[in-house]
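One structure is given here, and the rest of the page talks about it.
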Amino acid sequence: MIESEALSRRHLAACAVARQAGDMMRRLFQNRSGIEMSFKGPQDYLTQADAAVEKLVRQRLAEAFPQDKFLGEEGGGEVSQSMWVVDPIDGTSNFARGIPHFCISIAYALDQTPEIGVIYDPMTDEMFEAQRGAGGRVNGRPMKTSDATKMEYCQIELGWSSRRTNDAYLAIVRRVLEAGASFRRAGSGALGIAYVADGRSDGYAELHINSWDCLAGIVMVKEAGGYANDFLAGDGMLKGNPILVAAPGVAQALIKLTGIGSKVMA
Ligand code: LIP
């Protein structure tokens, strides 16, 4: 069992590390001409910045919480009772192409329950953070999902990667558009999910996403009164899963349109 004081220490530390990592990301982004870019696969970028930022975060969290384990996008890791789940640069393709829409995502999970989520956007200087049972905030302002109830007034972000077929993606795009909603794909799942928590967007869906992209945002959406599917079902922590987060008034409609998630309990 971990007492609430230990969770609070981790929450504060995660915010401090995210800001320090964000400062590094901003410097690297502004001097990116010297950074080596490569591909992990089709449309799957890797930059030296991802590795450098993850190294910093691993080091700082290990110093503060040596008993915790770490799972990172670049360096991998293991599932443990007390663990950090980190994407050093979510939105790597944007970073590599000079598009200022990316963030660091840090989640802390205890017995595979996401307890703390921190997402920092260094380009807008926005710190999104939440702790299970203690609300969620962006730069200190409480976050709340939108009051949307009608799809024809909604904007939904539909994440994409080459990990699922284009036909499956396009089928969801068609259904969402035919329901009257507008959609976007901005290339950072973590920021897309944080925007649902803050009511800027009414839903985020993706047929496959990794735990390091979405776990922090799931804490925020739940604390902001939104719906989140059971992302960690099966081996979601290590293998990823589909994700759906939504404003409560459109959750049922989006479950039906995307085929992700299960019936919202009344
Ligand atoms: C990305 C996600 C994005 C998703 C891609 C990719 P990365 O993470 O944030 O939303 O569509 O699957 O995984 O690779 O930029 O850290």
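General remarks:
- To put it simply, the accessible area of the chain at a 1.4 Å probe is 52 percent carbon and sulfur.
- Taking a straight Cα-Cα cut-off under 19 Å and skipping sequence neighbours fewer than 8 places away in the same chain, the lysines within cross-link reach of LYS263 are LYS150, LYS222.
- Rounded, prolate or oblate (a/c below 1.5 giving rounded, otherwise prolate when a/b exceeds b/c) for region 151-258 by Cα gyration tensor: oblate
- Per residue, the chain exposes 44 Å² of solvent-accessible protein surface, assessed with a 1.4 angstrom probe and all protein chains in place.
- Residues whose placed amide H lies under 5 Å from that of ASN241, excluding near-sequence neighbours: ILE209
- For region 23-174, the square roots of the Cα gyration tensor eigenvalues, ordered a ≥ b ≥ c, give a/c below 1.5, which places it in the rounded category.
- In a fully extended conformation the segment linking ARG200 and SER80 would gain 39.8 nm over its present Cα-Cα distance, using 0.36 nm per residue.
- When peptides 233-246, 94-107 are sorted by average Cβ neighbour count within 10 Å, with the highest value leading, the order is 94-107, 233-246.
- Prolate/oblate/rounded call for region 67-144, Cα gyration tensor, a/c under 1.5 rounded: oblate
- Per-residue [θ]222 nm for the chain (sum of -39500 (n - 2.57) over DSSP H runs n ≥ 4, rounded to 500): -11500 deg cm²/dmol
- Chain lengthening between LEU177 and LEU238 when straightened (0.36 nm per residue, less Cα-Cα): 18.8 nm
- Distance between modelled label sites at GLN112 and ALA16, nm, 7 Å Cα→Cβ extension: 3.2
The values are calculated or read from the model by the stated rules, or taken from the named source; none is laboratory data. As the structure is a prediction and not an experimental result, all values here were calculated from the model. Cβ sites come from the backbone with ideal geometry, for glycine too, and all protein chains shown count toward neighbours. SASA here: full protein model, heavy atoms, side chains in, ligands and nucleic acids out. Shrake-Rupley method; radii C 1.70, N 1.55, O 1.52, S 1.80 Å.
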